[in-house]
Amino acid sequence: MHKGQDDGRVTIRQVAERAGVSPSTVSNLLNGRDGRMQPRTRQRVVQAIATLGYQPNLVARQLRTGQVRSVGLVVPSVANPFWGGLARAVEGEALRHDRQILLCNSERDPGRERAYVQELFASGVRAVIIGSSLPSLEHLLPAMERGLCLIAFDRETQPGDPPGLISVSVDNRLGSNLATRHLLSIGHRRVGFISGPIATVSRRQRLAGYHDALEASGIAYDPELVWVSDDEGGFGDVDSTGRGEKGMVGLLRLISPPTAVVTINDMYAIGACAAARAAGIRVPEDISVIGFDDIVLAPLFNPPLSTVRQPLQDMARYAIDVVEGLRSRLEGGGQAVSVVMAPRLVVRESTAPPAGVAASPG
């Protein structure tokens with residue numbers, strides 16, 4: 001391997017000599033200013049970097065530009081494997097662009113989110129993906145006004161969102177509608193709903209989707225079939241399974257309990273199934289349970305969990321493309337931009353027709 005003259009590091013000048021270009025051309029490529037570079041020139045530089053084993057000095061780059069090649073990712077809590085799955089997907093996409101991910105858990109606390117974002121910005125990070133789905137992001141507006149690229153995950157654009165905000169989300173309303181319609185299509189008529197506090201954009205959309213499906217089937221909305229935990233202890237991201245258990249216990253105590261339950265996410269569904277088993281009630285023979293997210297545990301659970309899959313990889317790719325400038329931040333003419341992707345119903349073994357009822361054709 002070709003070594004530098006002083007500390008053994010290969011230099012930009014050596015890469016330039018190898019590629020037959022100027023050092024500024026190599027620098028332009030390394031710093032993303034290669035939009036007008038000829039493809040053959042780019043290929044020569046990339047080949048020279050690979051042959052010489054050049055490693056960019058990230059510290060020097062930060063001192064020179066005041067920015068780092070890192071992206072902040074603020075999620076509610078990786079106690080829910082869904083957020084761990086998102087972190088993995090985002091990191092994989094970021095690494096393709098020579099970026100790293102700095103992960104923070106906020107538990108949807110605006111003050112905590114603001115503190116994390118301020119610290120990231122002060123450290124030179126200029127792009128943050130945030131997954132709290134809070135209705136208002138006003139607490140992050142000062143950082144955006146200073147130049148932060150903010151990408152809101154799991155949250156569609158809301159009235160009053162600041163210009164320049166990019167939102168990337170699955171269609172939560174459609175996803176919950178698909179889950180509820182599945183249960184109705186196989187013969188259930190008393191369908192429950194279990195959730196933590198309905199205080200995020202995504203949860204409001206999922207409850208609305210449940211309501212839409214009932215209305216379309218001519219079934220009256222029954223508020224006693226909707227179990228929502230109070231906000232004591234936050235949004236329930238850390239203790240999702242515990243809240244799912246409490247929700248199922250509450251619904252099973254009704255004089256006329258549901259024969260099927262839609263849950264706000266897979267962790268709530270797993271908790272709901274555990275509570276049913278503890279009460280001697282079989283899933284799905286006695287009660288059907290469906291989740292949302294399709295986390296890694298869903299197909300491994302007993303019984304394998306019916307759920308709604310989010311296109312995590314596609315959403316992660318879009319978010320990083322925004323950071324890289326591959327997706328225009330000006331697509332909305334200066335307004336907030338919302339990208340909504342389609343969910344997919346995944347039917348496994350935790351849902352079945354109620355006892356004595358055959359599934360409807362199709």
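The values are calculated or read from the model by the stated rules, or taken from the named source; none is laboratory data. Keep in mind it's a predicted model, so treat the numbers as computed, not measured. Positions of Cβ are generated from backbone atoms using ideal geometry, with glycine treated the same way; all protein chains shown enter the neighbour counts. The area values use the complete protein model at the heavy-atom level, side chains included, leaving out ligands, DNA and RNA. Shrake-Rupley method; radii C 1.70, N 1.55, O 1.52, S 1.80 Å.
Considering (1) open to solvent by 30 Å² or more (accessible area, probe 1.4 Å); (2) more than 18 Å from His188 (Cα to Cα); (3) at pLDDT below 95; (4) not in a strand (DSSP E or B), say which one Gly356 fails and leave the rest.
It is condition (2) that Gly356 fails.
Go through (1) out of contact with any helix residue (DSSP H, G or I) (no Cβ under 7 Å at 6 or more places or on another chain); (2) more than 24 Å from Glu138 (Cα to Cα) one by one and return the number of the condition Ala208 breaks.
The single condition Ala208 does not satisfy is (1).
Hey, can you tell me all the residues within the stretch 121-133 that are farther than 20 Å from Asp321 by Cα and crowded, with 23+ Cβ neighbours inside 10 Å?
Those that are farther than 20 Å from Asp321 by Cα and crowded, with 23+ Cβ neighbours inside 10 Å: Ser132, Ser133.
Does Ser176 count as surrounded by fewer than 22 Cβ atoms within 10 Å (Cβ to Cβ), polar (S, T, N, Q) and closer than 24 Å to Asp294 by Cβ?
no
Condition check ((1) on the phi > 0 side of the Ramachandran plot; (2) of a type in the set (Gly, Ala, Ser); (3) at pLDDT 95 or above) across all residues:
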{"residue": "Gly147", "(1), (2), (3)": "yes, yes, no"}
{"residue": "Leu165", "(1), (2), (3)": "no, no, no"}
{"residue": "Asn172", "(1), (2), (3)": "no, no, yes"}
{"residue": "Arg181", "(1), (2), (3)": "no, no, yes"}
{"residue": "Val201", "(1), (2), (3)": "no, no, yes"}
{"residue": "Gly209", "(1), (2), (3)": "no, yes, yes"}
{"residue": "Leu225", "(1), (2), (3)": "no, no, yes"}
{"residue": "Asp239", "(1), (2), (3)": "no, no, no"}
{"residue": "Met248", "(1), (2), (3)": "no, no, yes"}
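Could you check the stretch 69-98 and list, in sequence order, the residues that are buried (at least 18 other Cβ atoms within 10 Å of the Cβ), at pLDDT 90 or above and in a loop (DSSP other than H, G, I, E, B)?
If the condition is that a residue be buried (at least 18 other Cβ atoms within 10 Å of the Cβ), at pLDDT 90 or above and in a loop (DSSP other than H, G, I, E, B), then Pro76, Ser77, Asn80 are the ones that fit.
Yes/no per residue for (1) under 27 Å from Glu91 (Cβ atoms); (2) of a type in the set (Lys, Arg); (3) part of a helix (DSSP H, G or I); (4) at pLDDT below 80:
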{"site": "Gly8", "(1), (2), (3), (4)": "no, no, no, yes"}
{"site": "Arg13", "(1), (2), (3), (4)": "no, yes, yes, no"}
{"site": "Arg18", "(1), (2), (3), (4)": "no, yes, yes, no"}
{"site": "Ser24", "(1), (2), (3), (4)": "no, no, yes, no"}
{"site": "Tyr54", "(1), (2), (3), (4)": "yes, no, no, yes"}
{"site": "Val59", "(1), (2), (3), (4)": "yes, no, yes, yes"}
{"site": "Gln67", "(1), (2), (3), (4)": "yes, no, no, yes"}
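How many residues are over 16 Å from Arg253 (Cα atoms) and surrounded by 20 or more Cβ atoms within 10 Å (Cβ to Cβ) if we restrict to the stretch 229-238?
Qualifying residue count, the stretch 229-238: 3.
So in the stretch 115-174, with the set limited to residues that are among the polar types (S, T, N, Q) and over 19 Å from the mean Cα position of the chain (by Cα), which one is nearest to Val339 (Cα to Cα)?
Gln118
Condition check: loosely packed, with under 13 Cβ neighbours inside 10 Å, at pLDDT 60 or above, assigned to a helix (DSSP H, G or I) and not basic (Lys, Arg). Does Ala50 satisfy that?
yes
Might you let me know whether the stretch 205-228 holds any residue that is in contact (Cβ under 8 Å) with a residue 60 or more places away in the chain and either of a type in the set (A, V, I, L, M, F, W, C) or open to solvent by 20 Å² or more (accessible area, probe 1.4 Å) (or both)?
No, that holds for no residue.
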